[in-house]
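The values are calculated or read from the model by the stated rules, or taken from the named source; none is laboratory data. Owing to the predicted nature of the structure, the values given are computational and were not obtained by experimental measurement. Glycine also receives a Cβ, built like all others from the backbone with ideal geometry; neighbour counts cover every protein chain displayed. In case anyone asks, the SASA skips ligands and DNA or RNA and just uses the protein heavy atoms, side chains included. Shrake-Rupley method; radii C 1.70, N 1.55, O 1.52, S 1.80 Å.
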Amino acid sequence: MDNINQVLIVGGTHGNELSGIYLNKLIKERLYNIDRASFSASSVIANPDAVKANTRFVEQDLNRQFSLELEANSKEARLATEFKNNYCANNPLIIDLHNTTSNMGATLILLSNSPFYKKMGAYVKQRMPGSNILFEDRKEWNEQPYLCTASQYGVMIEVGAQAHGSLQFETLELMKEMLSLVLDYVDKHNLYQLSNLANYDAFYYTEEVQIPMDHDGMRIAAVHPTICGRDFEVVKTGEPIMATFFGFDIYWEKENDIYPHFINESAYSSANIAMALAEKKTVFVD
């Protein structure tokens, strides 16, 4: 693949996720360096109106407005069109910064399983062993709805746990550390200096778990207390994933081990999503 000569760092795709918003501030004030020898970089706030209101979005989730079939029918859909027109042609790589209320630590979300991304995951994991590498690659690139897929290459950095509308020093530091590693990787990729990348374990998204509801649209269960706050920890066949309000549990019944994440993410509450699930696989670096 061609070298990447320009990188765009994006904060404020969700206006109440302050880690990326404040990292953008540090970049603008030259308190955090994003340039490297082989490329230049810039940063931008994606949804300034949502940032000003300290809310996830104004009308629709901006981070779901970037697949080809979507049409401009909301403020954020129009903003997505403007973003593509203004930034994507000159920025082949977009790094989108997020934080989550789930206890996911530092997670690098990769939307393709190509060698470029598998090597990126290896580079980050070797230097930040406590991080999580999550592949969400079940859709083709142009079918992905996320802002970072508006350009030729893109990744998301997700840090947590952090309440929306709040800022925590430790999660901001996790974001800075992971972003620095991604930028270093791109630089070494451009300079043909990548070597000694080892195979590693990563997570591959499989499905979401819906919260069961009654006929009045009220929940009849919650995430089981044994897995709350334990993102990316294994759940085996026969172990509970939900606790009902009637005194019995709902168990994981499939044969494969699964790894819940985005557990009790507050932004997904309106969609009654309890958690996402992933399988763990070894990534073999080509």
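Worth a mention:
- Among (1) touching a Ser or Thr at 6+ places or on another chain (Cβ under 8 Å); (2) under 20 Å from I109 (Cβ atoms), the one test that L191 misses: (2)
- Looking across N113, N85, N90, one residue alone is in contact (Cβ under 8 Å) with a residue 40 or more places away in the chain and either under 17 Å from the mean Cα position of the chain (by Cα) or not in a strand (DSSP E or B) (or both). It is N90.
- The range 245-259 residues that are farther than 26 Å from M218 by Cα, paired with ones that are not in a loop (DSSP other than H, G, I, E, B) (beta carbon under 6 Å, 6 or more apart): I258/V235; I258/L277; Y259/F203; Y259/A278; Y259/K280
- Out of I9, I21, I34, sole residue that is within 28 Å of D184 (Cα to Cα), over 19 Å from the mean Cα position of the chain (by Cα), modelled with pLDDT of 95 or more and open to solvent by less than 50 Å² (accessible area, probe 1.4 Å): I34
- Residues that are under 30 Å from S114 (Cα atoms), open to solvent by less than 50 Å² (accessible area, probe 1.4 Å) and not in a strand (DSSP E or B), drawn from the range 250-267: F262, I263, E265, A267
- Residues of the range 250-271 that are touching a strand residue (DSSP E or B) at 6+ places or on another chain (Cβ under 6 Å), farther than 22 Å from L134 by Cα and not hydrophobic (A, V, I, L, M, F, W, C): Y251 alone.
- Test: residue in the range 211-234 that is assigned to a loop (DSSP other than H, G, I, E, B), among the hydroxyl-bearing types (S, T, Y) and in contact with a Pro (Cβ under 8 Å, 6 or more places away or on another chain): yes
- Residues satisfying the stated conditions in the range 37-50, i.e. open to solvent by less than 30 Å² (accessible area, probe 1.4 Å) and not hydroxyl-bearing (S, T, Y): F39, A41, V44, A46, N47, A50
- Residues satisfying the stated conditions in the range 54-106, i.e. touching a helix residue (DSSP H, G or I) at 6+ places or on another chain (Cβ under 6 Å), farther than 30 Å from N264 by Cβ and of a type outside the set (D, E, K, R): L68, A72, C88
- A single member of R127, R138 is open to solvent by 60 Å² or more (accessible area, probe 1.4 Å), at pLDDT below 95 and not aliphatic (A, V, I, L, M), and it is R138.
- Of the criteria (1) within 22 Å of A276 (Cα to Cα); (2) assigned to a loop (DSSP other than H, G, I, E, B), which one V159 fails: (2)
- Residue match in the range 190-207 (condition: in a helix (DSSP H, G or I) and at pLDDT 95 or above): yes
- Within the range 51-70, the set of residues being open to solvent by 70 Å² or more (accessible area, probe 1.4 Å), closer than 22 Å to L111 by Cα and among the charged types (D, E, K, R) comprises R64, E69.
- Check on A80, within 23 Å of F116 (Cβ to Cβ) and touching a residue at least 40 places away in the same chain (Cβ under 8 Å): no
- Any hit, the range 93-107, residues being open to solvent by 20 Å² or more (accessible area, probe 1.4 Å) and closer than 21 Å to L194 by Cβ: no
- Among (1) open to solvent by less than 70 Å² (accessible area, probe 1.4 Å); (2) of a type outside the set (D, E); (3) assigned to a loop (DSSP other than H, G, I, E, B); (4) out of contact with any strand residue (DSSP E or B) (no Cβ under 6 Å at 6 or more places or on another chain) - the single one G247 does not satisfy: (1)
- Among (1) in contact with a strand residue (DSSP E or B) (Cβ under 6 Å, 6 or more places away or on another chain); (2) open to solvent by 20 Å² or more (accessible area, probe 1.4 Å); (3) polar (S, T, N, Q), the one test that Q168 misses: (1)
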